[in-house]
Amino acid sequence: MANKKEDYLFLSAMLRARESKMLKRSKAEAMLDASSFGEAARMVSDCGYKDMSAMNAKEIEQALNEHRAEEFAELGRMAPNESVVDLFRTKYDYHNVKTLLKAEAENVDRSDLLNDSGRISVEKLTEAIHEDQLVGVPSILGDAIREAKTVLARTGNPQLADFILDRAYFEELDGFAKELNSEFLKGYVQVMIDSANLRSAVRTLRMHKDADFLRTAFVPGGNVDEARLLNVTFSGNGEGLAQLFNTGTLSKAASLGAAAAAGGPMTDFERACDDAVTAYLKKSGLVAYGEEPVITYLAELEGEITTIRMILTGRLAGIEPQVIKERLRDLYA
């Protein structure tokens, strides 16, 4: 049952206050301009993170993952409806499943890639998959695991398994939107689906794949239906993508997609896809309370962690600050 907007009054106010301490574009650029990695790392302590100035890349990743998991746990306890947090936790369940299935198929240990920010603990999910006992796993995810394992065993193609899991992931997100009765969340899920389908269309053309490949990768539920996307993608090598997406936040990304589809650089296109989702979320800035500020805060947290990781691991590896800057996604302020 959906909660009333008023149920989020306290949490919304708390998160609006907390947002003021989050990483802004100006501080991200200051981190890039810092004279050393250590100086850059110390700057994010003001945003509530551990001092990472003496950490290596693996330790930085662990510290960021722990920060995310702690935030998820806190907000999950405080939220009137925990589904608003599960919306973001779910991503890590599917990441972990993909990692575990591929590791099992290749008979290798990839536990170093698992992330404990999901709804299901890494230990429980690992045991469930290895022993093929999916009791307690959400039904949509459980069905997708069974289907993906079967396809992977039959074809040996992990990409086909990923397509199955991606569709299930977005089906779960759509379920959260319906449970919360949130038009804002529904729109957020739709723009993410459109972004995923646009990326699939561009990659299909870059890899010289056919319509069947794109049809397999397609995720239903977005603003652009499958038939229109297939028709435009294979008419003029994707040049019509900009027209197809010209009414939404993905218009810039779609314009860049044609060049990327023809073999041009993917960096600007991928960044524009991510920035389109950010642009949608910025609409919540005028909403005083409700599920919108919570969703936006959690998305902002994910963007913040991604930015910190890119800057710190990049500086640690000796990558030129300007190169890192060109890869940064849009922040909320």
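Summary of computed values
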{"read-out": "T307, sole failed condition from (1) of a type in the set (S, T, N, Q); (2) over 19 Å from the mean Cα position of the chain (by Cα); (3) in a helix (DSSP H, G or I)", "value": "(2)"}
{"read-out": "Qualifying positions in the range 136-170 - free of Cβ contacts under 8 Å to residues at least 12 places away in the same chain, open to solvent by 20 Å² or more (accessible area, probe 1.4 Å) and assigned to a helix (DSSP H, G or I)", "value": "S139, T150, R154, T155, Q159"}
{"read-out": "Residue in the range 126-135 that is assigned to a helix (DSSP H, G or I), open to solvent by less than 70 Å² (accessible area, probe 1.4 Å), without any contact (Cβ under 8 Å) to a residue 40 or more places away in the chain and closer than 23 Å to E70 by Cβ present", "value": "yes"}
{"read-out": "Qualifying positions in the range 171-193 - charged (D, E, K, R) and in contact (Cβ under 8 Å) with a residue 60 or more places away in the chain", "value": "E172, E179"}
{"read-out": "From the options V232, V323, residue that is part of a helix (DSSP H, G or I), of a type in the set (V, I, T) and free of Cβ contacts under 8 Å to residues at least 12 places away in the same chain", "value": "V323"}
{"read-out": "Residues that are open to solvent by 20 Å² or more (accessible area, probe 1.4 Å) and either among the aromatic types (F, W, Y) or without any contact (Cβ under 8 Å) to a residue 40 or more places away in the chain (or both), drawn from the range 71-98", "value": "A73, E74, R77, E82, R89, H95"}
{"read-out": "Entirely in the range 1-118, the helices (runs of 4 or more DSSP H) that have 1 or more residues that are within 25 Å of L141 (Cβ to Cβ)", "value": "57-78, 83-106"}
{"read-out": "Among the residues listed as L256, L250, L281, the single one being surrounded by 17 or more Cβ atoms within 10 Å (Cβ to Cβ) and over 22 Å from T296 (Cβ atoms)", "value": "L256"}
{"read-out": "Sole exception among (1) part of a helix (DSSP H, G or I); (2) open to solvent by 20 Å² or more (accessible area, probe 1.4 Å); (3) among the acidic types (D, E) for E239, by number", "value": "(1)"}
{"read-out": "Of residues in the range 37-55 being hydroxyl-bearing (S, T, Y) and in contact with a helix residue (DSSP H, G or I) (Cβ under 8 Å, 6 or more places away or on another chain), the one least open to solvent (accessible area, probe 1.4 Å)", "value": "Y49"}
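One line per residue, one yes/no per condition, for (1) under 26 Å from H95 (Cβ atoms); (2) of a type in the set (G, A, S); (3) open to solvent by 30 Å² or more (accessible area, probe 1.4 Å):
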{"residue": "E172", "(1), (2), (3)": "yes, no, no"}
{"residue": "F184", "(1), (2), (3)": "yes, no, no"}
{"residue": "Q190", "(1), (2), (3)": "yes, no, yes"}
{"residue": "L214", "(1), (2), (3)": "yes, no, no"}
{"residue": "L230", "(1), (2), (3)": "no, no, no"}
{"residue": "N246", "(1), (2), (3)": "no, no, yes"}
{"residue": "G264", "(1), (2), (3)": "no, yes, no"}
{"residue": "D268", "(1), (2), (3)": "yes, no, yes"}
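The values are calculated or read from the model by the stated rules, or taken from the named source; none is laboratory data. Owing to the predicted nature of the structure, the values given are computational and were not obtained by experimental measurement. Because the Cβ atoms are built from the backbone with ideal geometry, glycine has one as well, and the counts that use them run over all protein chains shown. Just so you know, the surface numbers come from the protein's heavy atoms only, side chains and all, with ligands and any DNA or RNA stripped out. Shrake-Rupley method; radii C 1.70, N 1.55, O 1.52, S 1.80 Å.
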